[in-house]
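Note sheet for the following structure.
Just so it is clear, none of the values below were taken in a lab; they were calculated from the coordinates. What you see is a predicted model, and the numbers here were worked out from it, not measured in a lab. Methodologically, a virtual Cβ is constructed for each residue, glycine included, from the backbone with ideal geometry; neighbour enumeration extends over all protein chains shown.
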Amino acid sequence: MMLRRGFILFLPRLAGLLVVACCSVSIVYMLACTPKGDNQQFSLPRVHSPTAKEGYEAILQEQEEQHRNYIISLKKQIAQLKAELQDRSKQLKSVQDKYPDPLDIRLDHSNPEKAQANLLAFLRSQIDKAEVHSGVKLSTEYAAVPFESFTLQKVYQLETGLTRHPEEKPVRKDKRDELIEVVELAVGSLNSPERDGNAKHRVYTASDFVEGIYRTEKDKGTLYELTFKGDAKHQFKKIVLFRPFGPVMKVKNENVNMADTLINVIVPLAKRASKFRQFMQNFREMGIQQDGRIHLTVVYFGKEQMNEVKSILENTSKSANFKNFTFIQLNEEFSRGKGLDIGARFWKGNNVVLFFCDVDIYFTAEFLNSCRLNTQPGKKVFYPVLFSQYNPSIIYGHHDSIPPLEQQLIIKKETGFWRDFGFGMTCQYRSDFINIGGFDLDIKGWGGEDVHLYRKYLHSNLIVIRTPVRGLFHLWHEKQCLDELTPEQYKMCMQSKAMNEASHGQLGMLVFKQEIETHLHRQRLSSKKT
């Protein structure tokens, strides 16, 4: 009874508390939802203030005023940003005028002084970009550009080129002239009267040159550091020179239409019918089916396996509906140069691109286009550097693991090498071949004839395009060096045979095979004991 009476007395208080709480929540909600100015907060209309309608109108007016002020502020910020952008644009333009981009340089002949100033500014900027005054952070050791060193007599080089010599006298005229010019400039600088006023000094000559180092950054220029003997023992003079590369200049812009450019592939052959069958599979797929602008001339020596070769050629002709071929048979000893020469002169049609090819060559349709694009009658001949395949039985181990031919044609150091000492595969227009005098027909058998033709082109006014190509492969085959060859030919043949087998590392593994097996045997015995 007492509890019931207490509960009844508590109810009015609880109701009052709930009313107060609800009012407080409403006030807080209205305060939170009321728009705020930058530094003040609007209050709700009170009992003695204007009516609620007038109060809300005042609130809306102030809010509208705030938005108007905010828009004005944004407009001011936009105007400031535009002004800053204009200033930055002017700064950028002044920098570009001082150090113009190589692609934007225009040698305006109407204003030679400005053109010269732009060019000088660009050349100076090349020095700033190169590693002359300070180093550049590199990601890996492979990104470093090494120096080569030289004296007055020798150049010590990492990229040995065709000679394969780590040191050599600079036989290339451009390199020889370059280094002579640099030494002469350095001597002239040391003897310049500008240094140390009118004081007397020794006269430097090229004999005072000790050594130099140089390197070329392909997009910037060549840096030379030359050391000369000083005035006393243990004293030296150092001269730093830089040959900046100029801006890229457009030389030509032309359309090239090769739709009607025919290639006559000339193949000299004796026996080797199985290799010819493999060659014709490649010729059919790449030459007939994919390219279609091609003629084949086979110059065959002797009669052994001749019928088999002719049968392969005729079967391809029937199955592929291919009529553009010529078969020439010679009853004499094989001579590669003579076969190619006879095949080239046999052609009676219009001027045509000749591709001198061997039966152990694999080419792609892309290469045939390269053959067309890099030849021009009376102007250019093409000497591609092909990729020569190593012995697959060494590369892939057991014969069962050798993949199909198309999967073997991968350009990697483990699978082959650039045959930069070979000049047998070449493309040229027939007119250029005839005008140069063709092959030396006194050369018999294997080797030598291609080098003689190459030298003829080098001694002419024609441009010789020499470059590695990704679509031309020399397929591995066991090389026979016959006793009938001259000593020079036999030496060339044996060198070629050695290089064809495998890489340096792979040949090393064969040489040290017994030592490696002994090591592995000891390792197995040691593991069993433990």
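Quick check: net charge around residue 376, other residues with Cβ under 14 Å of its Cβ, Lys/Arg +1 and Asp/Glu -1? Taking every other residue near residue 376 into account, the sum is +3. Across all C-alpha atoms in segment 408-455, the radius of gyration and Dmax reach 14.4, 41 Å.
Extending 7 Å from the Cα toward the beta-carbon at both residue 513 and residue 325 defines two label points whose distance is 4.0 nm. Quick one: Debye curve from the alpha-carbon atoms of segment 298-442 only, equal weights, vacuum; give me log10 I(q)/I(0) at q = 0.15, 0.18 Å⁻¹ to two decimals. Rounded to two decimals, the profile gives -1.01, -1.29. In terms of Cα atoms, the Rg and Dmax of segment 372-530 work out to 21.2, 78 Å.
Could you give the distance between the Cα centres of segment 191-254 and segment 462-530, to the whole Å? When both Cα centres are located, 43 Å separates them. Local charge for residue 521 was computed over the other residues whose Cβ lies under 14 Å away, with Lys and Arg +1 and Asp and Glu -1, and equals +3.
Taking Cβ atoms as reference points and 15 Å as the exclusive limit, the residues near residue 364 contribute a net charge of 0, counting Lys and Arg as +1 and Asp and Glu as -1.
So which lysines can residue 137 reach, going by Cα to Cα under 20 Å and dropping same-chain residues fewer than 8 places off? Those lysines meeting the cut-off are 129, 218, 220. Residue-normalised convex hull volume from the C-alpha trace of segment 469-512: 117 Å³ per residue. Within straight-line reach of residue 412, meaning a Cα separation under 19 Å, sit the following aspartates and glutamates at least 8 residues removed in sequence or on another chain: 159, 420, 501. Cα-Cα pairs above 19 Å in segment 167-262: how many percent? Cα-Cα pairs of segment 167-262 separated by over 19 Å account for 58 percent. Within the same chain, aspartates and glutamates fewer than 8 places from residue 338 are excluded, and of the rest, those with a Cα less than 14 Å from its Cα are 358, 440, 442, 449, 450. Which shape class, rounded, prolate or oblate, goes with segment 213-287 when its Cα gyration tensor gives a ≥ b ≥ c as root eigenvalues, a/c under 1.5 marks rounded, and past that a/b bigger than b/c marks prolate? Oblate, because a/c is 1.5 or more while a/b does not exceed b/c.
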